[in-house]
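Okay, so here's the structure we're looking at.
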Amino acid sequence: MKDNMNQLFDKHTNWDFETPNEGHENRFLSKLKSQEPKKKKRAWIPIAIAASLALSFGIIYFNDFSTQPEVVFSPPVQETHDYFSSVINSELKNLQQHENPETAILINDALKEMETLEKDYESLKNEIIKNGENKQIVFAMITNMQTRISFIKTVLEQVEQINNLKTNTNEKYI
């Protein structure tokens, strides 16, 4: 095997042993770099990745909160819920029909209070989802609905008083 190696080196005896000119390495590296394909700047790629991640997290986040489980009441509780809900909606429509410039502030304040009571009701429904239906929660829900109906009726009485005062005042000046 050593003989084969020696024969190989003997055949190629004209090796170049000269020292290259000064700056040869720098010229060689600059030529090498000039032959490399230019990389295209793709500044939009990180932005596109960030946007797609933000969109994905947004979709996941909002789907988790928008698909809250529906509350399943027992038949008697569902019947009570439906009855009170229909009475509340009817009274709210009646209240909104009485709105005029003199009663607008009162009615808007009442609607804000109704939103607060509705949020309380929603938290009670969430308690049923978490812990199941029990008498205390059902009683609190019924009390909440009765409070809303009573509140709307009180506001309606105040609206009627305002409207009666307006009518009486207008009649005196005619």
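The values are calculated or read from the model by the stated rules, or taken from the named source; none is laboratory data. Keep in mind the model is a prediction, meaning the values are calculated, not measured. Here the Cβ positions follow ideal geometry from the backbone for every residue, glycine too, while neighbour counts run over all protein chains shown.
Is it fair to say Ile162 is over 21 Å from Tyr83 (Cα atoms) and in contact (Cβ under 8 Å) with a residue 40 or more places away in the chain?
Values: over 21 Å from Tyr83 (Cα atoms): yes; in contact (Cβ under 8 Å) with a residue 40 or more places away in the chain: yes.
So Ile162 passes the test.
State yes or no: is Ile174 aliphatic (A, V, I, L, M), modelled with pLDDT under 90 and under 25 Å from Phe73 (Cα atoms)?
On the way: aliphatic (A, V, I, L, M): yes; modelled with pLDDT under 90: yes; under 25 Å from Phe73 (Cα atoms): no.
It is false that Ile174 is aliphatic (A, V, I, L, M), modelled with pLDDT under 90 and under 25 Å from Phe73 (Cα atoms).
Residue-by-condition table, conditions (1) modelled with pLDDT of 85 or more; (2) surrounded by 10 or more Cβ atoms within 10 Å (Cβ to Cβ); (3) under 27 Å from the mean Cα position of the chain (by Cα):
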site: Ile59; (1), (2), (3): no, yes, yes
site: Asn63; (1), (2), (3): no, no, yes
site: Tyr83; (1), (2), (3): yes, yes, no
site: Leu92; (1), (2), (3): yes, yes, no
site: Leu106; (1), (2), (3): yes, yes, no
site: Ala110; (1), (2), (3): yes, yes, no
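This table checks each residue for (1) among the hydrophobic types (A, V, I, L, M, F, W, C); (2) under 30 Å from Lys166 (Cβ atoms).
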site	(1), (2)
Thr80	no, no
Asn94	no, yes
Gln97	no, yes
Ala104	yes, yes
Glu113	no, yes
Thr116	no, yes
Tyr121	no, no
Lys135	no, no
> Here is a list of conditions, (1) in a helix (DSSP H, G or I); (2) without any contact (Cβ under 8 Å) to a residue 60 or more places away in the chain, and Pro101 meets all of them except one; can you say which number that is?
Replying inline: (1)
